[in-house]
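Peer 1: Just dropping this structure here.
The values are calculated or read from the model by the stated rules, or taken from the named source; none is laboratory data. Just so it is clear, the structure is predicted and the values come from calculations on it, not from any experiment. Here the Cβ positions follow ideal geometry from the backbone for every residue, glycine too, while neighbour counts run over all protein chains shown. What goes into the accessible areas is simple: the full protein's heavy atoms, side chains included, and nothing from ligands, DNA or RNA. Shrake-Rupley method; radii C 1.70, N 1.55, O 1.52, S 1.80 Å.
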Amino acid sequence: MTKRGKAPWGPVAGIVAVILAIVVLGVLLLSGKSIDILQPAGVIASQQKDLLIFTVVLTMFAVVPVFILLFMAAWKFREGNPKKTKYSPDDEGNRTLELIWWGIPLTIITILGIVTWVTTHQLDPFRELDNGKEPVRVQVISLDWKWLFIYPDQGIASVNELYIPVNRPINFTLTADSPMSAMWIPKLGSQIYVMKGMSTKLSLMSSETGVFKGSNTNITGKGYSDMYFKVHSVNESSWQDWIKKAEKAEPLNYKQYQELAKPSRNIGIKLFALEDKELFDKVVMKYVSSSGMDHNTDSNYEARKGSH
Amino acid sequence: MFGRLSLDAFPTDIITIGGVASGGAVVLAILAFITYKKKWRYLWNEWFTSLDPKKIGTMYAIVAAIMLLRGVADAVMIRAQQAVLSQTDLNLIDSDMFQQVFSAHGTIMIFFVAMGGMFAFINWIVPLQIGARDVAFPLLNSISFWLFAGGMVLMNLSLALGEFSGAGWLAYPPLSGLEYSPGTGVDYWIWSLQIAGVGSLLSGVNFLTTIFTMRAKGMTLMKMPVFTWSIVTSMLLVAFVFPILTVTLTLLGLDRLIGTHFFTSDLGGNPMMYINLIWAWGHPEVYILVLPAFGIFSELVPVFSRKKLFGYKSMVFALSSIMLLSFMVWLHHFFTMGAGANVNAFFGITTMLIAVPTGVKVFNWIFTMWRGKVKFTSSMIWFMGFAITFTIGGLTGVMLAVPGIDFQVHNSLFLVAHFHNMIIGGVVFGFFAGLTYWWPKFTGWKLHEGLGKIAAWLWIVGFLVAFLPLYALGFMGAVRRLDDYDPSFGWQSLFIVAGIGVMIIGLGVVTQITQIGYSWLKRKQLKVNSDPWDGRTLEWATPTPVPDYSFAKLPIVSDRDAWWEMKHAKTKVPTKYEDIEIPKNTGYGVYIGLLSTIVAFSIIWHIWWLVILSGVALVVVAISSTLREKTERVITAADIIAIEGKRQRSVL
Amino acid sequence: MNKLKDTALSYRTELGFWMYLMTDCILFGCLFATYAVLRGSTAGGPSEAELFDMPMVLAQTLALLTSTLTAGLMLVAMHRKRSVEFKVWLGVTIAFGAAFFAMELNEFALLIAEGQSWQSSAARSGFFALVGTHGLHILVGLLWATVLAVVVHRRGFTQKNIRQAKLFALFWHFLDVIWIFIFTFVYLVGASNGI
């Protein structure tokens, strides 16, 4: 290919062009857009962002040397390099060198492993956040293909719209009356899978007011893509106003719930005054009772908490 | 009479009809061409019934290549929908169809492209590298291939008859259960994978036995070429985890067929068990595919650096530790199930540990180049592309292994970008590098280098353009498998860029097809001798084209780079030959594959009489296949002298 | 030369078969795991202690153990090249195996008659899958043994038949071991859970 004495500038120019293009395109495409994970608006999401940046920086200690060495080796020892380079065809290995590169990644992973152990416990979705303020309880039911949010303490419910007060812990209890789904609000952090007949927990807290997106991350059939919903993080008084609005809406009992639970797409936002306070438990028990086995992860969680 | 098969099973929407019509037209054209050329007898005698691993390898490669085209077409449809169609009023691809397309894309790419490509290399190269004329169980090898082919046919039949699964490539219940997916789609998915999977399992056992019992004299385990080592680790994984897939698919199939309650939501079924089982297979599966790619690079980097592989023992140790670790990480696919912090942290740490041996391999490849004379053939361009993309993929993989981060990016497009990074950057680039490297051994002529380099560059650049935006989209909250999204999210421009990337990859594929076609036309000019790259391992010791018996005399090995040593020690070419027995052709592989496919087809459509009929026929044929008396044919010494004599003139 | 080739072939075939048995072990391992996870999920149905007919299961076990013993005797006869003896022991093996299989079918039929089919609950699904898969293996073994008897009758003790007979005995022993696990973990544990 390359003649002796002539450096292969073509590929080099190509590589530089690709890198430049990525940077320029990246800046152009991303400017002014909401990069939810890197611009968190909740305590969990901020911790997760810090963890993410820490991990990237730490792994760079292995990634950067790899790239430098790779390109050095390719450039320096290319066939036809006019500069005389050493050639040792029978070189089989070098114990010291090999120990070094077993060592470097192992060190990095050890550090990251410790961080992982600590942060996994800190960020356990079951761990309830506590900032001294009274938490808000929200019960979530994933339906085909919409989200039902129940506020048992406020006696209201909403579909495809979540209103939360800023700076107050939100303790979600979640279940599904549909195929397995997962609820994710990137700006607030941590998603969680939900399944029929099981209830699970997630605790999040918003630290800014604003409108965020929430979604289902696990395919549930036809209307899966319609399960994006809006999360309104508002101050206390706006939240109270919203509750008052919902209190005047139509009532929600088990019968209406069954109507609502039928598969439907793009039904928009709905508000309800909650008539049946036991609705969530009824939905969970619908499947538990027929199984004869305790699927309730709540009790598992209690058991686990006890053992800590 | 025909179960649930009726006229309603035929497609009615325009895109599927178009796909079926064009696909069907191509198939018919090929069949007509073969008939016109009167080649059926030739194909049957020389290919379909052949037990020669080299020919079986070629057939695997052809199936995988065709499936790659369909997989890429599916990818184009996915991106077209996300980048443009979903944002217009055109309703060309509805949700149902979109979900079938991405489910088919994943299933095809993993089971039929990557697995097929891998078995093509294994069949061709492993026996040659260990100095064997054959595999341990030649008929079983043919059966494996025809089961694989049967699975492929069934999978594609779903286009024309009925529907395909829309539940994603791993079909989690309860979505894949009867309640939510009553159609034939999930059944097609289950039974085409079932028969292809059984084929893979049998191949695993076959090649392990081959490598353990049929190595050339003197080739101890620690003198085996690294590619063969990578196949040992990969096939061990196959033998350990494919039974899990068989069980999982069967249980899901039983839930759908006879009303059991393994994974249903009622009467005590446990869908979470499915997710555990499928990933207990699914995670090692990724390593089944990528370890051979590591093996391929470990062969060609030393050859093109004209230097021994750096740290052979480290490499073998790294392969083995990756294999062992891959059993202990499956839970990282569902951290967000909320299994509890101790469990999640444990599986997170075992997962990131895999980065250690993988990193060691990269360093060893780099230091194989170090103080070498590196020739940048297109195989090496693929290697460079691999080294870069795979390292990026490794970085994002470590990020995903931290449960705290995974809780934020799981099932987002970040995850999609990550595993494409590993599978395209790792497996696919590895296979293309290997294809270019071994092509002269397969055919006797080289692939055109210039076109090969253009293809490699298009793939690498296309890959970056197609998948870097997905990392960004994941960070912006875009989840996987979306057929529609709110324009106000501002994602469309990134999806369009990703779509352009797919088109660049498509250009790469076109270039590769052109490369093969052009090189075939110019095969006289591109003709090379049997060892064009100055190879180091035994496959290059055979004449090209490789005769049926591969080695006229079985080689005796004294060193790791066996052929390199033979060349340099100027080992005399033996002149005294003996008769060689090689397996006789038989049609049993075809019959068993065909009957299994019919059984599966009739299960899918609930045609019970046909299930029984073809099932009984299958058992009878299988039994009679074991009763064959004369299974070998003899190639006489005189024939060998005639063939080998020609070789001496053409090579030396 | 030919003898050398036969030895190599025998070695290869045996190793391959052992590897197949290993994969089968994993298959059963998965079914055991599934069964263990689901055994409590009876959806309000009767417990295993109420369902299992232990004397019958014991009879089944004895039948299978005896057939394994006779399979061993069959091998001994083969080594001594005693064709008639070989066929007799093989016949006895098949008879006891068939008896085992018949008793299993009978057990399944009784369970279904009691309204406890695989459709009744996840626990029953797990039971039928595990025990049924073992039964299916027994059926394959019986078929294999029958073919073996015919082939030996027609072609005598060829190298290939000797290999086949050894492998069959190995397979039969393997099924015996799996059954011991089923007997212990399914039947004994199941029957004692209710007490």
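Peer 1: Give me the inter-chain shielding for A:105-117: mean count of other chain Cβ atoms within 10 Å, whole number please.
Peer 2: Details: counts 12, 6, 1, 5, 10, 4, 0, 8, 8, 1, 2, 13, 8.
Partner Cβ neighbours, averaged per residue: 6.
Peer 1: Follow-up. What number results when the radius of gyration of segment A:136-307, computed over Cα atoms, is divided by 2.2 N^0.38 Å? Intermediate results must be reported in sequence, preceding the final value.
Peer 2: Working: Rg = 15.3 Å, N = 172, 2.2 N^0.38 = 15.6 Å.
For segment A:136-307, the normalised Cα radius of gyration comes out at 0.98.
Peer 1: Report the relative contact order of segment C:57-195, percent, no decimals, based on alpha-carbon pairs under 8 angstrom and at least 6 residues apart.
Peer 2: Relative CO of segment C:57-195 lands at 31 percent.
Peer 1: Now for a different question. Once the Cβ-Cβ distance between residue A:209 and residue B:327 is put in as r, and R0 is 45 Å, what FRET efficiency do you end up with, to the nearest 0.05?
Peer 2: Details: r = 48 Å, r/R0 = 1.06.
So, using R0 = 45 Å, E works out to roughly 0.40.
Peer 1: Note the full-extension length gain between residue A:15 and residue A:133 as 0.36 nm times their separation in residues minus their Cα-Cα distance, in nm to one decimal.
Peer 2: 37.1 nm
Peer 1: I need the fraction of alpha carbon pairs in chain A separated by more than 29 Å, rounded to a whole percent.
Peer 2: Every Cα pair in chain A considered, those over 29 Å come to 53 percent.
Peer 1: Residue-wise, which Karplus ³J(HN,Hα) couplings in Hz belong to segment B:519-532, taking 6.51 cos²θ - 1.76 cosθ + 1.60, θ = phi - 60°, and x for glycine or proline?
Peer 2: These are the phi-based 3J(HN,Hα) values: 5, 5, 4, 9, 4, 5, 5, 8, 4, 10, 7, 6, 9, x Hz.
Peer 1: Next question. Ordered by packing density, taken as the mean number of other Cβ atoms within 10 Å over each peptide's residues, highest first, how do C:103-115, B:280-292, C:170-182, B:443-455 rank?
Peer 2: Numbers: C:103-115: 14.5, B:280-292: 23.9, C:170-182: 18.5, B:443-455: 20.2.
Order by mean packing, descending: B:280-292, B:443-455, C:170-182, C:103-115.
Peer 1: Using a 10 Å Cβ count of at most 13 others and DSSP loop calls, identify the longest part of chain A lacking such trypsin sites (Lys or Arg not before Pro).
Peer 2: Values: sites that count: A:3, A:4, A:6, A:83, A:84, A:86, A:133, A:248, A:277.
That would be A:134-247.
Peer 1: In terms of modelled amide H atoms, which long-range or inter-chain residues lie less than 5 Å from the amide H of residue A:136?
Peer 2: Residues meeting the criterion, in which the H sits 1.01 Å from N, are A:170, A:171.
Peer 1: Can you count the Lys pairs in segment B:431-557 whose Cα atoms are under 14 Å apart, with each pair 8 or more apart or on different chains?
Peer 2: 4
Peer 1: Over segment C:50-137, how many percent of alpha carbon pairs lie in each 5 Å bin up to the one with the longest distance?
Peer 2: Binned Cα distances yield the sequence 3, 14, 19, 19, 14, 10, 8, 6, 4, 2, 0.
Peer 1: To continue, here is another question. Tell me, what HN-Hα J-couplings in whole Hz come from the Karplus equation 6.51 cos²θ - 1.76 cosθ + 1.60 at θ = phi - 60° for each residue of segment B:48-60, using x for Gly and Pro?
Peer 2: Ordered by residue, 3J(HN,Hα) equals 4, 9, 6, 10, 6, x, 5, 6, 4, x, 4, 5, 4 Hz.
Peer 1: With r defined as the distance between the Cβ atoms of residue B:521 and residue A:83 and R0 fixed at 60 Å, what FRET efficiency is calculated, to the nearest 0.05?
Peer 2: Step by step, r from the Cβ atoms, then E = 0.90.
Peer 1: Find which of B:369, B:290, B:343 sits farthest along the positive direction of the dipole of chain B, computed with +1 on the beta-carbon of Lys and Arg, -1 on that of Asp and Glu, about the Cα centre.
Peer 2: B:369
Peer 1: Sticking with this structure for a sec: Pop out the Kirkwood hydrodynamic radius of segment B:457-572 from its pairwise C-alpha distances, inverse of mean 1/r, in Å to one decimal.
Peer 2: 18.9
Peer 1: Another question, then. Normalising by the residue count of chain B, find the relative contact order in percent from Cα pairs under 8 Å and 6+ residues apart.
Peer 2: Computed over chain B, the figure is 18 percent.
Peer 1: In terms of the Cα gyration tensor, with a ≥ b ≥ c the square roots of its eigenvalues, is the protein assembly as shown rounded because a/c is under 1.5, prolate because a/b exceeds b/c, or oblate?
Peer 2: Details: a/c = 1.81, a/b = 1.18, b/c = 1.54.
Since a/c reaches 1.5 but b/c is at least a/b, the shape of the protein assembly as shown is classed as oblate.
Peer 1: When a/c reaches 1.5 or more, the comparison of a/b and b/c decides; with that in mind, is segment B:65-136 rounded, prolate or oblate per its Cα gyration tensor?
Peer 2: Prolate.
Peer 1: Here is a further query. If you rank B:438, B:279 by how much accessible surface each has, with a 1.4 Å probe, what is the order from largest down?
Peer 2: Sorted by accessible area, descending: B:279, B:438.
Peer 1: Can you give me the long-range amide H partners of residue A:264? Hydrogens built in the peptide plane at 1.01 Å from N, cutoff under 5 Å, separation of 5 or more residues or another chain.
Peer 2: HN-HN under 5 Å from residue A:264: A:145.
Peer 1: Also, I was wondering about something else. If you put +1 on each Lys and Arg Cβ and -1 on each Asp and Glu Cβ, how big is the dipole of chain B around its Cα centre, in Debye rounded to 20? Each step should come with its number before you reach the end.
Peer 2: Details: 45 positive and 35 negative charges, 689 e Å.
The dipole magnitude comes to about 3320 debye.
Peer 1: List the accessible area buried at the contact between A and B, summed over both sides and calculated with a 1.4 Å probe, in Å² to the nearest 100.
Peer 2: 8900
Peer 1: Within straight cross-link reach of residue A:244, meaning Cα distance under 28 Å, which lysines are found once same-chain residues fewer than 8 apart are removed?
Peer 2: Partners within reach: A:133, A:146, A:187, A:201, A:213, A:230, A:255, A:262, A:270, A:277, A:282.
Peer 1: With runs of 4+ DSSP H residues as the only contributors, calculate the mean residue ellipticity of the protein assembly as shown at 222 nm using -39,500 (n - 2.57) per run, divided by the residue total and rounded to the nearest 500.
Peer 2: Estimated from H runs of four or more residues: -21000 deg cm²/dmol.
Peer 1: Using only Cα atoms, figure out Rg for chain B and give it as a multiple of 2.2 N^0.38 Å.
Peer 2: Normalised Cα radius of gyration, chain B: 0.96.
Peer 1: Same structure, new question: Considering amide H positions built from the backbone, and no H for Pro or chain starts, which residues 5 or more places from residue A:163, or on another chain, come under 5 Å of its amide H?
Peer 2: A:232
Peer 1: Using DSSP H assignments, which helices in chain A have an axial alpha-carbon span of 20 Å or above and a mean Kyte-Doolittle hydropathy of 0.5 or higher?
Peer 2: Details: long enough: A:9-30 (31 Å, 2.70); A:43-76 (49 Å, 1.67); A:95-122 (40 Å, 0.95).
Span-like helices, by this rule, are A:9-30, A:43-76, A:95-122.
Peer 1: Quick check of the Kirkwood formula: for segment C:2-193, what is the inverse mean of 1/r over all pairs of different Cα atoms, in Å?
Peer 2: Final number for the Kirkwood radius of segment C:2-193 is 17.9 Å.
Peer 1: Test of understanding: express the Cα radius of gyration of segment B:271-395 as a ratio to 2.2 N^0.38 Å, with N the residue count.
Peer 2: In units of the globular-protein estimate, segment B:271-395 measures up at 1.23.
Peer 1: Another question, then. Please give the total accessible area that chains B and C bury against each other, computed with a 1.4 Å probe and expressed in Å² to the nearest 100.
Peer 2: What B and C bury together is about 2700 Å².
Peer 1: Could I ask something else about it? Counting DSSP beta bridges with both partners in chain A, what percentage is antiparallel, nearest 5?
Peer 2: If we restrict to bridges inside chain A, about 65 percent are antiparallel.
Peer 1: Please give the per residue accessible area of chain A, computed with a probe of 1.4 Å over protein heavy atoms only, in Å². Can you show the working numbers first?
Peer 2: On the way: 14000 Å² over 308 residues.
On a per-residue basis, chain A sits at 45 Å².
Peer 1: Evaluate E = 1/(1 + (r/R0)^6) for residue C:140 and residue B:643, where r is the Cβ-Cβ distance and R0 equals 35 Å; express this FRET efficiency to the nearest 0.05.
Peer 2: Working: r = 43 Å, r/R0 = 1.23.
Efficiency, rounded to the nearest 0.05: 0.20.
Peer 1: Percent relative contact order of segment B:280-404, based on C-alpha pairs within less than 8 angstrom and at least six residues apart?
Peer 2: Normalised by residue count, the contact order of segment B:280-404 is 37 percent.
Peer 1: Roughly how tilted is helix B:115-129, in degrees to the nearest 10 and between 0 and 90, from the longest Cα axis of chain B?
Peer 2: Roughly 20 degrees, rounded to the nearest 10.
Peer 1: What is the sum of charges, Lys and Arg at +1 and Asp and Glu at -1, for the other residues whose Cβ falls under 10 Å from the Cβ of residue B:476?
Peer 2: Value of the local net charge: +1.
Peer 1: Mind giving me the nanometre distance, one decimal, between the label points for residue C:85 and residue B:617, set 7 Å out from Cα along Cα→Cβ?
Peer 2: In this crude label model, residue C:85 to residue B:617 measures out at 4.5 nm.
Peer 1: Nearest 10 degrees is fine. How inclined is helix B:429-443 to the longest principal axis of chain B, computing both from alpha carbons?
Peer 2: 40
Peer 1: Return one number: the angle in degrees, 0 to 90 and rounded to the nearest 10, between the long axis of the Cα atoms of helix B:378-401 and the longest principal axis of the Cα atoms of chain B.
Peer 2: 40
Peer 1: Right, here's the next one. Hey, what do the phi angles of segment B:489-499 turn into as Karplus ³J(HN,Hα) couplings, whole Hz, using 6.51/-1.76/1.60 and θ = phi - 60°, x for Gly and Pro?
Peer 2: Result, ordered by residue: 5, x, 8, 4, 4, 5, 5, 5, 4, 4, x Hz.
Peer 1: Let me ask you something else. Across peptide B:173-182, what mean number of C-beta atoms from other chains lies inside 10 Å of a residue's C-beta?
Peer 2: 3
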